[in-house]
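Reviewing the structure listed below.
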Amino acid sequence: MFAILNTTQRQAASLRIALIGKSMTSVVIAEDVALSPKIGSMIEEVRAFGREIEIIWDDGVVLRTKLQIRGNWRIFRVADWQKKSRDLAKVVVQTGDYIAVCFDAVEVETYHDFDPGRHPLLGRHGPDLSDSRIDLDRCVDLMLDYQDADATIAEVLLDQRVMRGIGNVFRCELLWTCELHPWAKVSSLNRDECRELVSIAAEMLQSQHAPQDRSLAVYGRHGKNCQRCNGQVRVTHHGEANRVLYWCADCQTRHAGTSSSRYVTEHDTPPGVHPAEFIYLSELERARKSG
Ligand SMILES: [Zn+2]
């Protein structure tokens, strides 16, 4: 079965099993890169395109490795990792249990999803929610004036042009806290609702009581019971950047009627299946069909 996938897809599948949903404990990147993933941030996705592999962290930082012929990613148990190999490594990413190492990549770069610096046409950065001097009304105005009225609230919360500071773990938790349907159109929220959302977000980010792993209500709790309504937490992919989204369909119902159908993945990861396994099985299915 595994042989149906190409080398890059197989490496990505192994990386997903080793890394997804884990908090990163250290990272070393041998090249000069624009930004370094933060220690403690959650590894959320691994994507393969042709001979490239991207690792995505929950705060939207993306590490892109162009592998071409010789480049490759390998996984080591912490005890098996030979430090002498470190000189040959282009990237070393460690979680509690595993060390993922990229050798011989021809290009390594990092960037932020929705980074106006990378996409100058997008416009300027919005206010930073973790700054106590933030002008919350400015964020509210930017939400109310959002140029794309069909955009969903889940997408807008990650849009760095509207506000900064919301990573994906926090986005999922914030939507759950406010009982908001993730696909609700941003244009359906009134000023008071936008104000409530950004106030709660700023308060949580500034109080340093941002959700920790053990206290998360929905993120990473796929298939488990919702703490509020006892419904089942689901996971899907959503938005232009196709980020993972955990939510409870039973109690996150505010503005559900305005749901945008855009970008919504038809099939959720079934309960009891690890997201990495779901991607692997989907890739196998596609490879079989195209082969
Ligand atoms: Zn619920």
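Could you give every pair whose Cβ atoms fall below 6 Å, whose first residue belongs to the range 83-112 and is farther than 16 Å from E44 by Cα, and whose second residue is basic (K, R) and not in a strand (DSSP E or B), counting only separations of at least 6 or pairs across chains?
D104/R70
Tell me which residues, restricted to the range 98-107, are open to solvent by 10 Å² or more (accessible area, probe 1.4 Å) and over 21 Å from the mean Cα position of the chain (by Cα).
Answer for the range 98-107, where residues must be open to solvent by 10 Å² or more (accessible area, probe 1.4 Å) and over 21 Å from the mean Cα position of the chain (by Cα): F103, D104, V106, E107.
Can you tell me which residue within the range 216-254, out of those that are polar (S, T, N, Q), more than 8 Å from the ligand (Cβ to nearest atom) and outside any strand (DSSP E or B), is nearest to D58 (Cα to Cα)?
Of everything passing the filter in the range 216-254, N242 is nearest to D58 (Cα to Cα).
For residues in the range 137-162 being open to solvent by 30 Å² or more (accessible area, probe 1.4 Å) and touching a Pro at 6+ places or on another chain (Cβ under 9 Å), which is nearest to T258 (Cα to Cα)?
Filtering the range 137-162 for residues that are open to solvent by 30 Å² or more (accessible area, probe 1.4 Å) and touching a Pro at 6+ places or on another chain (Cβ under 9 Å), the one nearest to T258 (Cα to Cα) comes out as L142.
Tell me yes or no: at least one residue of the range 36-52 is modelled with pLDDT under 85 and either within 22 Å of R286 (Cβ to Cβ) or not aromatic (F, W, Y) (or both).
No, the range 36-52 has no match at all.
Quick check on A217: is it modelled with pLDDT under 85 and either farther than 21 Å from R47 by Cβ or of a type in the set (G, A, S) (or both)?
No; evaluated as a whole, the condition is false for this residue.
The values are calculated or read from the model by the stated rules, or taken from the named source; none is laboratory data. Worth saying up front: this structure is predicted, and the values here are computed from it rather than measured. All Cβ positions, glycine included, derive from the backbone under ideal geometry; neighbour counts span all protein chains shown. Side chains included, ligands, DNA and RNA excluded: accessible areas come from the protein's heavy atoms. Shrake-Rupley method; radii C 1.70, N 1.55, O 1.52, S 1.80 Å.
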